[in-house]
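**Student:** Can you read through this structure? Questions will come right after.
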Amino acid sequence: MKYQQILNTIQSDLATTPYAGKVATYIPELAKISPKKLGMHLYCINSGHYSFGDNDERFSIQSISKVFGLTLAMSLLNDELFKRVDVEPSGNAFNSLIQLEYENGIPRNPFINAGALVISDVLISTLKNPKKSFLEFIHDITGNTSIAINQEVFNSEKECSFRNAALLNLMKSFGNIKNEIEEVLDFYIYQCAIEMSCKELATAFMIYANGGKKLSNGQQIISSQKTKRINAVMQTCGFYDEAGEFSFRVGLPGKSGVGGGIAAIHPEQYAVTVWSPPLNPKGNSELGMYALERLTTLTGFSIF
Ligand code: DON
């Protein structure tokens with residue numbers, strides 16, 4: 001497959017594609033990012049790295065971190081985890097409260113905010129130093145120990161996390177949050193504030209394309225059976241109330257974040273990431289989705 005040629009075509013397509021999306025402003029620090037940033041990186045299991053644009057510049061991974069949180073929790077626990085968080089698409093916004101009330105504080109899936117907050121609670125109960133372990137996990141799967149949080153983004157989200165605090169309070173009233181609300185919120189915001197480049201994210205996501213193993217040394221990070229499940233949840237829940245649309249247009253398991261990043265995989269083929277900050281009304285990168293739609297169209301293959 002001529003991936004670099006295909007990426008070059010996508011880059012020139014995007015240069016002339018009008019967009020209506022807006023950079024996220026509800027976390028004030030994210031509003032400072034230029035809407036013009038654009039990068040893409042494809043890491044092929046057989047033939048290595050292909051890229052264009054700002055693929056080496058770090059950005060706020062935000063909800064893409066939820067995939068790493070789920071992976072860590074699944075590597076530590078078995079099916080008991082899914083008594084506290086379900087694996088069904090929500091059909092609602094990522095930060096919605098409504099289903100939680102009539103579904104007794106059990107979030108629909110680990111990728112909506114409520115679900116990731118439960119996963120954070122589980123990790124706090126299981127790990128001695130959850131922040132350190134979380135960062136070490138990312139350092140391990142990328143082979144890059146310089147990855148860290150952006151302190152300004154962390155502080156900025158901390159000052160305005162009223163909805164996430166509401167989600168935590170509601171779930172705690174149902175007994176589905178075991179630790180202190182402030183502690184869970186702090187750890188959740190920490191994960192979202194991690195910065196990575198498209199290249200680093202593609203390297204991290206290679207474990208999901210490679211049956212749970214690091215490509216660099218074959219180390220099994222998570223079992224292939226659990227990897228299958230994580231990929232299934234990405235496919236059905238990775239884009240919130242736009243998960244159907246992403247499957248329909250792109251046809252790959254993936255995960256978005258309000259920093260404008262999207263990471264996706266084609267099992268046994270590649271991990272691919274794109275960064276473009278303007279978001280569509282559902283909170284997903286508008287040009288990022290378009291770039292990935294072009295990728296599966298131009299290559300002529302997706303998982304379907
Ligand atoms: O909790 C929040 O609202 C953000 N830290 C993360 C949300 C997010 O990235 C949703 N993704 N599209």
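Read the figures in this text as sums done on the coordinates, not as results from a lab. Just so you know, these numbers come straight off a predicted model, no measurement behind them. Counting neighbours? That spans all protein chains shown, and the Cβs are built from the backbone with ideal geometry, glycine included.
**Student:** Mind checking the full-extension length gain between R249 and L81? Use 0.36 nm per residue of separation minus the Cα-Cα distance, one decimal, nm. The partial results should precede the final answer.
**Tutor:** Working: separation 168, 0.36 × 168 = 60.48 nm, distance 3.13 nm.
Working it through step by step, the gained length comes to 57.4 nm.
**Student:** Now for a separate question. Under the Karplus relation 6.51 cos²θ - 1.76 cosθ + 1.60, θ = phi - 60°, what is the ordered set of whole-Hz ³J(HN,Hα) values for region 212-219, x standing for Gly and Pro?
**Tutor:** Here the 3J(HN,Hα) series is x, 9, 5, 6, 5, 9, x, 5 Hz.
**Student:** Moving on. K132: which aspartates and glutamates have alpha carbons under 14 Å from its alpha carbon, excluding same-chain residues fewer than 8 sequence positions away?
**Tutor:** D140, D186
**Student:** In region 195-304, what is the count of Lys pairs whose alpha carbons are under 22 Å apart, counting only pairs at least 8 residues apart or on separate chains?
**Tutor:** Lysine pairs, 8 or more places apart or on different chains, close enough: 12.
**Student:** For T17 and N92 in the same chain, what is the full-extension length gain: residue separation times 0.36 nm, less their Cα-Cα distance, in nm? Don't jump to the answer; show the numbers that get you there.
**Tutor:** Values: separation 75, 0.36 × 75 = 27.00 nm, distance 2.80 nm.
Result: 24.2 nm gained on full extension.
**Student:** Determine Rg/Rh for region 27-66; Rg is computed over alpha-carbon atoms and Rh is the Kirkwood hydrodynamic estimate from the same atoms. Intermediate values should be presented prior to the final figure.
**Tutor:** Working: Rg = 12.9 Å, Rh = 12.1 Å.
Checking Rg against Rh, the ratio lands at 1.07.
**Student:** For a footprinting-style exposure proxy, rank L42, L168, L81 by other Cβ within 10 Å, fewest first. Don't jump to the answer; show the numbers that get you there.
**Tutor:** On the way: L42 30, L168 26, L81 16.
With the fewest neighbours first, L42, L168, L81 line up as L81, L168, L42.
**Student:** If you average the C-alpha positions of region 75-149 and of region 184-216 separately, how far apart do those two centres end up, in angstrom?
**Tutor:** Taking the Cα centre of region 184-216 as reference, the centre of region 75-149 is 13 Å away.
**Student:** Kindly state, to the nearest 0.05, the FRET efficiency for R163 paired with S216, given R0 = 35 Å and r defined as their beta-carbon distance.
**Tutor:** 0.35
**Student:** Set the bar at 32 Å for Cα to Cα. Now go through K37/K83; K83/K158; K36/K128; K22/K178 and name every pair that lies beyond it.
**Tutor:** On the way: K37/K83 40 Å; K83/K158 29 Å; K36/K128 41 Å; K22/K178 36 Å.
From K37/K83; K83/K158; K36/K128; K22/K178, over 32 Å: K37/K83; K36/K128; K22/K178.
**Student:** On to the next question. Under the Karplus relation 6.51 cos²θ - 1.76 cosθ + 1.60, θ = phi - 60°, what is the ordered set of whole-Hz ³J(HN,Hα) values for region 194-206, x standing for Gly and Pro?
**Tutor:** Per residue, the Karplus-derived 3J(HN,Hα) values read 5, 10, 9, 8, 4, 5, 5, 5, 5, 5, 4, 6, 4 Hz.
**Student:** When the chain is modelled as a GNM with alpha-carbon springs shorter than 10 Å, which of K255, K131, K83 fluctuates the most?
**Tutor:** Fluctuation is largest for K83.
**Student:** Give or take rounding to whole Å, what are the principal axis extents of the alpha carbon atoms in region 26-129, in descending order?
**Tutor:** Ordered largest first, region 26-129 gives principal extents of 45, 35, 29 Å.
**Student:** A further question on this structure: I need I6, I262 ordered by Cβ neighbour count within 10 Å, fewest first.
**Tutor:** I6, I262
**Student:** In addition: When only DSSP loop residues count, what GluC sites (Glu not before Pro) in region 167-203 have their Cβ near at most 15 other Cβ atoms within 10 Å? Show your work: numbers first, answer last.
**Tutor:** Working: sites: E180, E182, E183, E195, E200; in loops: E180.
The qualifying sites are E180.
**Student:** A further question follows. Take S133 and N104, extend 7 Å from each Cα along the Cα→Cβ direction, and tell me the distance between the two endpoints in nm.
**Tutor:** Going by the 7 Å Cα→Cβ label model, 2.8 nm.
**Student:** Still on this structure, please answer the following. What are the residues whose amide H is under 5 Å from the amide H of A148, where those residues sit 5 or more places off or on another chain and H is modelled from the backbone?
**Tutor:** Counting only residues 5 or more places away or on other chains, the set is E195.
**Student:** Using a 10 angstrom cutoff on alpha carbons, build the Gaussian network for the chain and name the most mobile of S197, S51, S146.
**Tutor:** Of S197, S51, S146, the Gaussian network model singles out S146 as fluctuating most.
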